[in-house]
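Written below as structure tokens is the structure these notes are about.
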Amino acid sequence: MKLLILNGPNLNLLGVREPEVYGKQTFKDYFETLVQAFPALDLHYFQSNHEGALIDKIHEVGFSFDGIIINAGAYTHTSVAIADAISAVKTPVVEVHISNIHAREAFRHHSYLASRCVGSIVGLGLNGYRLAVEYFVLRK
Ligand code: CA2
């Protein structure tokens, strides 16, 4: 099974800045633990700080991969374009947020992506990505 984890802006700083909000682990280290935990899966990871690059990646994998796990960062709350890209592809998408966006500032409470995704996992830290992977394993 081919799955893509797609991270948006500033998530390259995980483990480097604001550990009290986002934890102490870099995403690359975390991704390695996922690859080891799911040896039967073909897991891919892509991060970009650019909206268009995220959309291009959704188009690139969105007709061949079995699932996309997206944390679009702040684009979650602004991007109709990423929402439309999710709607345009065939691959099911799960939205993940490390922090509980509903317990933060009001502008983080709305996600343009949520209604285009099969589901959302928020507030469970990096474990949210693992739970999303498990969802795709179970739904197969
Ligand atoms: O909780 C999440 O996963 C967010 O998608 C993270 C975004 C934020 O804009 C969303 O509202 C919720 C921010 C990602 C910034 O990541 C950083 C990581 C380390 C240091 C600084 C920023």
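Which one is modelled with the highest pLDDT, of the residues in region 10-20 that are near the ligand (Cβ under 7 Å from one of its atoms) and either part of a loop (DSSP other than H, G, I, E, B) or loosely packed, with under 12 Cβ neighbours inside 10 Å (or both)?
Filtering first and then ranking leaves N10.
Looking only at region 36-75, which residues are closer than 19 Å to T26 by Cβ and touching a Pro at 6+ places or on another chain (Cβ under 6 Å)?
N49, G73
Quick test for you: out of V96, V89, pick the one residue that is within 16 Å of the ligand (Cβ to nearest atom) and touching a Gly at 6+ places or on another chain (Cβ under 7 Å).
That would be V96, the only listed residue that is within 16 Å of the ligand (Cβ to nearest atom) and touching a Gly at 6+ places or on another chain (Cβ under 7 Å).
The values are calculated or read from the model by the stated rules, or taken from the named source; none is laboratory data. This structure is a prediction, so every number in the text was calculated from the model and none was measured. Neighbour counts are summed over all protein chains in view; Cβ atoms, including those assigned to glycine, are modelled from backbone coordinates with ideal geometry.
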